[in-house]
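> First the structure, which I've put down as structure tokens, then a few questions once you've had a look.
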Amino acid sequence: MLIDTHVHLNANQYDEDLQPVIDRALEAGVDRMIVVGFDEKTITRTMELIEQYDFIYGVIGWHPVDAIDFTEDNYNWIKELATHDKIVAIGEMGLDYHWDKSPKDVQKSVFRRQIALAKELKKPIVIHNREATQDVVDILKEENAAEVGGVMHSFSGSKEICDEILKLNFIISLGGPVTFKNAKQPKEVAQHVPLDKLIVETDAPYLTPHPYRGKRNEPAYVKLVAEQIAELRGISYEALAAATTQNAERLFGL
């Protein structure tokens, strides 16, 4: 069995056919899915999904791209919702320097507040990092995020950065890019990261793995990610699936 540890089933892309998407995931052996909500609309939908399906869990937080829109009301709302026993982490939070909607200082402030909230609630942290690695690492150190730990979602960094992340009590999550032909770093990390520090995800509907690249991603395709990593590591698919499932259960308290 597999756990898709980061999926956006709350996205508009699934409005027409959510149930068939979920059915295909279950048929592929993906027996649990963790849906991530990162703004008002997707958090609301996440709460609905975790009530509707026994095997769906939630992560809620505020995305760095939208940090400029984050209000005190949003903070209090997330804090209240996060006490739900099926909300297993806070996020996705972090820094995103690719888009310039939210100034860097605002992103950093919202990031620090959410780390503090995760520590208060004793829940792990799900990190979004885009083109901001050193600042993310510095803030995790300064805020002692290692106290609760968490996961670097859709990790795209080097083996060296991977090692630095592991020292902070965070684990590595790999998704569709590990299947891309020319994705050198994800393949290297897939071979390098200790097996007990690795989980898998789709980030669906985004980052669709080969051979479906360019089409809408869905949680069933996490199997393609796991198969590729198993091949790169020279171990059986069953061993990789068992290890990553145990790691996700441990991290998220499933």
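The values are calculated or read from the model by the stated rules, or taken from the named source; none is laboratory data. Owing to the predicted nature of the structure, the values given are computational and were not obtained by experimental measurement. Cβ sites come from the backbone with ideal geometry, for glycine too, and all protein chains shown count toward neighbours.
> Specify the residue that is surrounded by the most Cβ atoms within 10 Å (Cβ to Cβ); the eligible residues are those in segment 179-197 that are over 12 Å from ARG233 (Cα atoms) and of a type outside the set (S, T, N, Q).
My answer is PRO186.
> Additional query: In segment 206-220, is there at least one residue being under 14 Å from LEU240 (Cα atoms), assigned to a loop (DSSP other than H, G, I, E, B) and modelled with pLDDT of 95 or more?
no
> Separate question: Looking at TYR53, is it of a type in the set (Ser, Thr, Tyr), surrounded by 19 or more Cβ atoms within 10 Å (Cβ to Cβ) and within 18 Å of HIS6 (Cα to Cα)?
no
> Just a yes or no: is a residue in segment 230-244 surrounded by 20 or more Cβ atoms within 10 Å (Cβ to Cβ) and touching an Asp or Glu at 6+ places or on another chain (Cβ under 6 Å)?
Within segment 230-244 (the criterion being surrounded by 20 or more Cβ atoms within 10 Å (Cβ to Cβ) and touching an Asp or Glu at 6+ places or on another chain (Cβ under 6 Å)), the answer is no, since none of the residues qualifies.
> Would you be able to say whether some residue in segment 199-208 is small (Gly, Ala, Ser), under 29 Å from TYR14 (Cα atoms) and surrounded by 24 or more Cβ atoms within 10 Å (Cβ to Cβ)?
Yes.
> Still on this structure, I have one more. Across segment 216-249, what is the total count of residues that are touching a Pro at 6+ places or on another chain (Cβ under 9 Å) and either small (Gly, Ala, Ser) or farther than 16 Å from LEU174 by Cα (or both)?
Result for segment 216-249: 1.
> State yes or no: is VAL35 assigned to a strand (DSSP E or B), touching a Leu at 6+ places or on another chain (Cβ under 7 Å) and either touching a residue at least 60 places away in the same chain (Cβ under 8 Å) or surrounded by 15 or more Cβ atoms within 10 Å (Cβ to Cβ) (or both)?
In short, yes.
> Taking the residues in segment 1-23 that are outside any loop (DSSP other than H, G, I, E, B) and in contact with a strand residue (DSSP E or B) (Cβ under 9 Å, 6 or more places away or on another chain) as candidates, determine which candidate is surrounded by the fewest Cβ atoms within 10 Å (Cβ to Cβ).
Among them, the one singled out is ILE22.
> Name the residue, out of ALA190, ALA220, that is aliphatic (A, V, I, L, M), in contact (Cβ under 8 Å) with a residue 40 or more places away in the chain, in contact with a helix residue (DSSP H, G or I) (Cβ under 9 Å, 6 or more places away or on another chain) and closer than 19 Å to ASN12 by Cα.
Selected residue: ALA220, the only one of ALA190, ALA220 that is aliphatic (A, V, I, L, M), in contact (Cβ under 8 Å) with a residue 40 or more places away in the chain, in contact with a helix residue (DSSP H, G or I) (Cβ under 9 Å, 6 or more places away or on another chain) and closer than 19 Å to ASN12 by Cα.
> It is to be established whether one or more residues within segment 82-96 are among the polar types (S, T, N, Q), surrounded by 24 or more Cβ atoms within 10 Å (Cβ to Cβ) and either in a loop (DSSP other than H, G, I, E, B) or out of contact with any Lys or Arg (no Cβ under 9 Å at 6 or more places or on another chain) (or both).
For segment 82-96, residues among the polar types (S, T, N, Q), surrounded by 24 or more Cβ atoms within 10 Å (Cβ to Cβ) and either in a loop (DSSP other than H, G, I, E, B) or out of contact with any Lys or Arg (no Cβ under 9 Å at 6 or more places or on another chain) (or both): absent.
> Tell me, which residue of segment 125-184 that is outside any loop (DSSP other than H, G, I, E, B), small (Gly, Ala, Ser) and under 19 Å from ARG113 (Cβ atoms) is nearest to the chain's Cα centre (by Cα)?
Checking each candidate, the answer is GLY150.
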